[in-house]
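A quick write-up on the structure given underneath.
What follows is calculated from the coordinates using simple rules that are stated; it is not laboratory data. Note that this is a predicted model, so its numbers are computed, not measured. For neighbour counting, all protein chains shown are included, and Cβ atoms are generated from backbone atoms with ideal geometry for every residue, glycine included.
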Amino acid sequence: MVFIADPLTDDRQTLTMRDAWAAHLTDLVDADPRLAVVLADISSEMFAEAMKAHPDRVINVGIREQLLIGTAGGLALAGMRPVAHSYAPFLVERAFEQVKLDFEHQGTSGVLVSVGASYDWAEGSFTHFSPRDVALFDTLPGWRVFVPGHAAEVPPLLDRAVRADDSVYLRLSLRHNENPHAVPEDSLLVLREGARATVVVVGPLLDNVLEATADLDVTVAYTNTPRPLDTAGLRELAADTGDTIVMVEPYLEGTSAWLVAEAYEDRPHRLLSIGVGREELRRYGTAAEHERLHGLDAEGLRARVRRFLA
Amino acid sequence: MIAGVNDTIEQVRALAHRTVTDVRYPIVKTYTLDPIWVLYDRVLRIDPQRPDDPARDRFLLSKGHGPSAFYAVLAAKGFFPVEWLDHVAALESPLGSHPDATLVPGVEMSAGSLGHGLPLGVGTAHGLRATGFPDSRVFVLVGDAELDEGSNHEAIAYAGAAGLANLDVIVADNGSASHGWNGGIASRFEVNGWSAATVDASDHEALYRSFTTDHPDRPHVTVAVHRP
């Protein structure tokens with residue numbers, strides 16, 4: 001029997017998204033006196049040196065998520081750009097009222113960075129799964145959402161998040177694609193062109209989609225910046241595929257369906273939403289096994305796309 | 001210390017009663033007037049002509065319910081025209097039953113939901129130190145019932161441990177917490193390393209002494225007791 005004791009690391013990856021984020025953020029904090037980092041114990045060991053160097057800008061408040069977000073909001077009130085971080089369900093869901101009231105409602109903004117994603121630590125199960133996070137940000141005005149698919153995509157996305165005027169949610173995962181992709185700012189990166197459907201895939205599910213659709217006549221477009229969603233670009237691509245669209249997202253299934261519907265008020269379209277299921281599985285195992293249970297492995301994706309196109 | 005246009009407590013009290021706010025909070029409307037008045041009249045370094053000065057002291061009214069006293073003091077000190085007080089909570093009025101920092105000059109935080117001000121104050125205190133204004137102070141006013149919210153206790157424990165000396169809290173205690181605070185409110189702070197003073201909310205000299213008390217290595221709380 002093998003337990004992966006640490007939910008935040010992966011022995012098979014030389015550099016996880018979290019590693020890439022912490023290293024780059026440490027450099028940015030050294031260079032930019034307006035940047036602040038707020039932690040709630042999670043990942044604090046990665047910032048031990050930065051905390052010593054910048055005691056009022058790199059802060060660990062302990063296991064206190066309401067204070068985590070509130071402190072970040074207060075730093076923003078003092079004119080700083082705060083980056084707050086924790087495990088996804090604790091960062092987003094536990095103190096969601098703080099997320100709602102302590103930035104935009106105050107006339108400020110901030111950057112939230114999560115780890116854990118939808119089922120990274122499958123052994124930890126439901127309490128540590130956060131497939132609803134992006135849907136929750138959709139209930140708030142003005143949030144950008146970045147979902148990298150590879151550790152090498154993290155530094156440029158973090159640069160953009162820190163520079164932005166808006167609030168940004170950066171969703172890191174241990175799930176990842178084989179290679180990084182450079183997505184043109186706020187648009188879709190077309191990786192394959194076809195005629196029967198436009199498949200838009202977000203972040204770490206790209207490789208599964210490419211494998212699943214290898215011999216299908218579909219366009220595959222990738223994004224790691226799903227909010228704002230490039231619906232103008234989507235319409236352009238889908239115009240050549242009979243306005244037939246498949247959205248593949250590594251979080252709650254259907255999260256982006258409302259945006260696609262909104263983009264097609266004037267025109268009929270077909271949409272297949274594929275993502276993480278709503279049901280609580282009450283299973284442990286590995287993230288790859290949960291991906292399969294949700295139908296997000298290549299085989300599951302392929303079956304659903306083929307059924308949709310039949 | 002801010003020179004204003006309506007410069008006595010009596011004038012400001014009249015201004016507070018001029019506001020027409022939420023009838024659901026008929027008593028608490030003005031019981032915070034004394035500490036807020038002493039702060040703006042004698043303690044805070046804020047220039048109504050330069051409300052965005054990064055070096056200014058900050059006052060965060062966490063307990064956003066019944067902001068009449070706060071609005072009256074801001075008007076008296078010239079942050080906005082006193083005529084605004086006649087239309088509180090009307091559709092086009094910038095003054096609502098809960099203050100909105102993006103609408104009202106001099107309001108530092110948008111409040112209404114309890115338990116947000118102290119964590120925001122912790123971040124602001126760190127931020128002032130980090131941006132080169134370690135002498136600028138952050139005052140957060142909370143209610144005794146507002147202390148029920150657990151977010152306050154996250155902030156109280158952390159701020160004490162971190163020794164946030166530029167943070168001051170005022171607990172406006174009108175005895176409204178449903179389960180009370182057995183052992184006293186100040187003890188919740190003191191056990192976490194804060195310095196504390198409990199004073200009569202109508203005693204302006206005592207308020208002033210507590211607001212200006214020296215606490216170079218720890219945050220300070222003033223429990224301002226109001227028993228009508």
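Please find, in a Gaussian network model of chain A (springs between Cα atoms separated by less than 10 Å), the residue of A:Arg160, A:Arg144, A:Arg18 whose mean-square fluctuation is greatest.
Highest fluctuation of the listed residues: A:Arg160.
Report the calculated FRET efficiency for A:Leu191 and A:Asp266 (r = Cβ-Cβ distance, R0 = 35 Å), to the nearest 0.05.
Between A:Leu191 and A:Asp266 the formula returns 0.80.
If you stretched the chain out fully between A:Phe126 and A:Arg12, how much longer would it get, using 0.36 nm times the residue separation minus the C-alpha to C-alpha distance?
38.7 nm
Give the longest segment of chain B that steers clear of trypsin sites (Lys or Arg not before Pro) in DSSP loops with at most 13 neighbouring Cβ atoms within 10 Å, not counting the sites themselves.
B:46-228
Would you work out if segment A:45-121 is rounded, prolate or oblate? Take a ≥ b ≥ c from the square roots of the eigenvalues of the alpha-carbon gyration tensor; rounded if a/c is under 1.5, else prolate when a/b is larger than b/c, oblate otherwise.
oblate
For a quick protection proxy, order the peptides B:174-181, A:20-27 by their average other-Cβ count within 10 Å, most packed first.
So the peptides B:174-181, A:20-27, ranked by packing, come out A:20-27, B:174-181.
Under a crude label model (7 Å from the Cα following the beta-carbon direction), how far is A:Glu299 from A:Ala257 in nanometres?
2.6
Between B:Arg18 and A:Leu140, what's the calculated FRET efficiency when r is the beta-carbon distance and R0 is 35 Å? Round to 0.05.
Result of the calculation: an efficiency of 0.45.
Simple spin-label model, 7 Å along Cα-to-Cβ: A:Ala239 to B:Asp52 in nm?
4.2
Using mean Cβ contacts within 10 Å as the protection proxy, how do B:159-169, A:237-247, A:67-77 order, highest first?
Packing proxy ranking, top to bottom: A:67-77, B:159-169, A:237-247.
Report ³J(HN,Hα) in whole Hz for each residue of segment A:193-200, in order, from the Karplus equation J = 6.51 cos²θ - 1.76 cosθ + 1.60 where θ = phi - 60°; Gly and Pro get x.
3J(HN,Hα) across segment A:193-200, in whole Hz: 10, x, 10, 9, 7, 9, 9, 9.
For an R0 of 45 angstrom, estimate the FRET efficiency from the Cβ-Cβ distance between B:Thr102 and A:Ala152 and round to the nearest 0.05.
The calculated FRET efficiency here is 0.70.
Taking the Cα centre of segment B:9-225 as the origin and placing charges on Cβ (Lys, Arg +1; Asp, Glu -1), which of B:Ile185, B:His153, B:Ala125 is farthest toward the positive end of the dipole?
B:Ala125
Please go through segment A:220-310 and write out the trypsin sites (Lys or Arg not before Pro) that DSSP classes as loop and that have at most 12 other C-beta atoms within 10 Å.
A:Arg278, A:Arg282, A:Arg283
List the residues, sorted by chain then number, that are 5 or more residues from A:Leu191 or on another chain and whose placed amide H is less than 5 Å from its amide H.
It is A:Val220, A:Ala221, A:Tyr222, by chain and number.
With only Lys, Arg, Asp and Glu charged, each at its Cβ (+1 for the first two, -1 for the last two), find how big the charge dipole of segment A:195-310 is about the Cα centre; round to the nearest 20 debye.
Here segment A:195-310 has a charge dipole of around 300 debye.
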